[in-house]
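What follows is one structure encoded as structure tokens, with my remarks underneath.
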Amino acid sequence: MNFPAKPWLVLLCLGPPAWAQDAATRPAIQTQRWEEDWSVLADPALRTGPFDAGKYVPLTGNAYLSFGANLRERVEALDALQFGTLRQKSNAYLLDRAEIDLDLHWDGWEAFVQLEDDRALGKTRITAADADRFDVEEAFVAHTGPIGDGALKLRVGRQEFGFDRQRFVSSRDGPNVRQPFDALWADYELGDWRIISFAAHPVQTRDQAAFDDGSSHALVLDGFRVERRALGPGNLAVYYLRYERAEAQFPGASGNEQRNALDLHYNGRVGAIDFDLEAMGQQGQIGGRPVLAWAFGQRTGYTFAGTRWNPVVSLQFDAASGNTSRTRSFETFNPLFPNGSYFNLAGLTGDANLLHVKPAVSIAPDPTLQIALALGLQWRQTTRDATYTFPVQPIANTAGRGSPWSAAYAQLDATKKLNDNLALSFELARYQVGASIRQARGRNATYASVQASLAW
């Protein structure tokens with residue numbers, strides 16, 4: 001299954017179709033398609049779109065079927081993979097993601113299946129996050145029912161989930177292949193409280209044949225999370241994770257990896273100021289060596305409401321520990337399952353052994369257009385450890401050498417929402433590397449992408 005050319009997508013990009021609907025009467029398209037509730041189309045007066053017959057198919061009683069589809073086409077170019085240390089030429093390619101789904105609802109039950117086909121056409125170095133031929137992305141059964149004054153939600157099967165800004169646990173929507181989990185999930189909601197527990201095996205992409213993805217006991221992610229909404233000016237979440245991976249490889253440590261992680265997240269708004277704070281500590285072992293690592297991330301923004309184009313100025317700061325010793329605790333932070341677009345889509349910044357400062361400004365010339373300009377500055381937390389790219393790939397010959405300074409980058413993003421179903425986006429990032437990366441035979445890098453996203 002492949003979609004190298006789609007002339008009908010070009011036609012849609014020429015302008016919003018006449019069947020775009022009022023979002024107040026229809027559910028908005030979600031990143032997780034199973035979260036959409038199309039039961040509103042039980043009212044025939046709301047079935048005004050030409051394809052609504054597929055969004056709501058009534059069955060017996062109050063049961064119904066809903067079909068959906070996603071198509072994302074992204075042309076990318078990167079002229080220096082891992083800052084050129086891998087000695088590959090500039091590469092421009094097409095990332096093609098196609099998804100179809102079926103969602104069945106009846107009496108508090110839900111059965112959801114989503115199939116995917118992801119291709120990296122013309123890419124010279126393909127990873128597990130780039131390509132996955134026809135396979136099952138999600139397939140689960142869920143039930144929601146009252147328990148006391150609250151609601152209990154259960155899901156079992158292949159599913160995707162993420163927490164907060166998805167720094168450390170995400171569905172990995174930035175790269176071409178998303179990250180599902182074979183998991184048992186339970187959460188209980190009561191007023192402003194929510195308690196979540198899950199046991200999961202992250203799915204590993206193989207891309208050797210259709211329907212060959214799978215999970216195993218070699219990779220484990222279990223967790224317990226407590227959320228409290230409306231606590232002061234924001235929302236608080238605290239969670240514990242148990243992470244296990246067989247045969248892990250880091251500079252200075254290798255072997256079976258086991259980490260216990262404790263995460264604290266708080267976000268909210270005070271007047272024109274919005275804020276998001278998160279800290280994670282990790283303890284465990286890798287190859288018998290003790291692990292003790294940490295990371296912190298924050299973003300604070302100020303919105304000039306009532307001003308033309310509604311400008312927002314923000315400051316982001318991130319820090320993650322690096323390893324300082326060959327004999328004591330291993331201190332390189334593992335970002336686990338990051339979303340791949342938290343820093344930018346270039347994949348040249350990893351959340352390990354990092355100090356990162358990013359001021360930015362964004363404007364909205366109209367409600368459908370967002371433009372952002374940012375400057376990123378990054379250092380190593382310790383020069384005894386390597387410089388890392390996404391997600392936790394060390395750059396060869398950087399550990400134990402050079403100065404803390406790594407690189408600076410300028411970033412430009414623009415997103416245009418043509419209608420409720422179609423959006424166009426553009427990203428440009430230019431990295432200027434420091435002497436430490438140059439000494440490792442690295443060089444400056446430029447990344448650019450143009451993307452069209454269509455969802456039905």
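State all residues of the stretch 326-349 that are more than 21 Å from ARG74 (Cβ to Cβ) and touching a residue at least 40 places away in the same chain (Cβ under 8 Å); if no residue qualifies, say none. Across the stretch 326-349, the qualifying residues are ARG326, SER329, PHE330, GLU331, THR332, PHE333, ASN334, PRO335, LEU336.
Residue-level check: of (1) in contact with a strand residue (DSSP E or B) (Cβ under 8 Å, 6 or more places away or on another chain); (2) free of Cβ contacts under 8 Å to residues at least 12 places away in the same chain; (3) among the polar types (S, T, N, Q), GLN316 misses just (2).
If you take the residues of the stretch 286-343 that are of a type in the set (A, V, I, L, M) and assigned to a loop (DSSP other than H, G, I, E, B), which of them is nearest to the chain's Cα centre (by Cα)? That would be LEU336. The residue pairs whose first member lies in the stretch 30-48 and is more than 13 Å from LEU65 (Cα to Cα), whose second member is of a type in the set (Lys, Arg) and surrounded by 13 or more Cβ atoms within 10 Å (Cβ to Cβ), and whose beta carbons are closer than 8 Å, counting only pairs six or more residues apart or on different chains, are LEU46/ARG26. Residues in the stretch 53-73: is at least one touching a residue at least 60 places away in the same chain (Cβ under 8 Å), of a type in the set (Asp, Glu) and surrounded by 12 or more Cβ atoms within 10 Å (Cβ to Cβ)? Yes, the stretch 53-73 has at least one match.
The set of residues in the stretch 119-165 being touching a Pro at 6+ places or on another chain (Cβ under 7 Å) and either among the polar types (S, T, N, Q) or farther than 30 Å from GLY84 by Cβ (or both) consists of GLU137, GLU138, ARG158, GLN159, GLU160.
Tell me, yes or no, whether the stretch 401-422 has at least one residue that is in a loop (DSSP other than H, G, I, E, B), free of Cβ contacts under 8 Å to residues at least 40 places away in the same chain and at positive phi. Checked the stretch 401-422: at least one residue is in a loop (DSSP other than H, G, I, E, B), free of Cβ contacts under 8 Å to residues at least 40 places away in the same chain and at positive phi. If we keep just the residues of the stretch 110-122 that are more than 21 Å from the chain's Cα centre (by Cα) and free of Cβ contacts under 8 Å to residues at least 60 places away in the same chain, which is farthest from ALA455 (Cα to Cα)? Once the filter is applied, the top-ranked residue is GLY122.
ALA28 passes every criterion in (1) modelled with pLDDT of 95 or more; (2) among the hydrophobic types (A, V, I, L, M, F, W, C); (3) part of a loop (DSSP other than H, G, I, E, B) apart from (1). Going by what's in this entry, would ALA435 be described as free of Cβ contacts under 8 Å to residues at least 40 places away in the same chain and either in contact with a Phe, Trp or Tyr (Cβ under 7 Å, 6 or more places away or on another chain) or under 30 Å from ARG326 (Cα atoms) (or both)? Yes, satisfied. Selection of the stretch 36-46 for residues being in a loop (DSSP other than H, G, I, E, B) and surrounded by fewer than 16 Cβ atoms within 10 Å (Cβ to Cβ) yields ASP37, ASP43.
Based on what the data block shows, is ASP366 crowded, with 19+ Cβ neighbours inside 10 Å and not aromatic (Phe, Trp, Tyr)? Walk me through how you get there before you give the answer.
Details: crowded, with 19+ Cβ neighbours inside 10 Å: no; not aromatic (Phe, Trp, Tyr): yes.
Spelling it out, it is not the case that ASP366 is crowded, with 19+ Cβ neighbours inside 10 Å and not aromatic (Phe, Trp, Tyr).
Scanning the stretch 276-294 for residues that are surrounded by fewer than 18 Cβ atoms within 10 Å (Cβ to Cβ), under 20 Å from VAL226 (Cβ atoms) and of a type outside the set (A, V, I, L, M) yields GLY281, GLN283.
The values are calculated or read from the model by the stated rules, or taken from the named source; none is laboratory data. Only a predicted model underlies this, so the values are computations on that prediction, with no experimental measurement involved. No Cβ is skipped: glycine too gets one built from the backbone with ideal geometry, and neighbour counts run over all protein chains shown.
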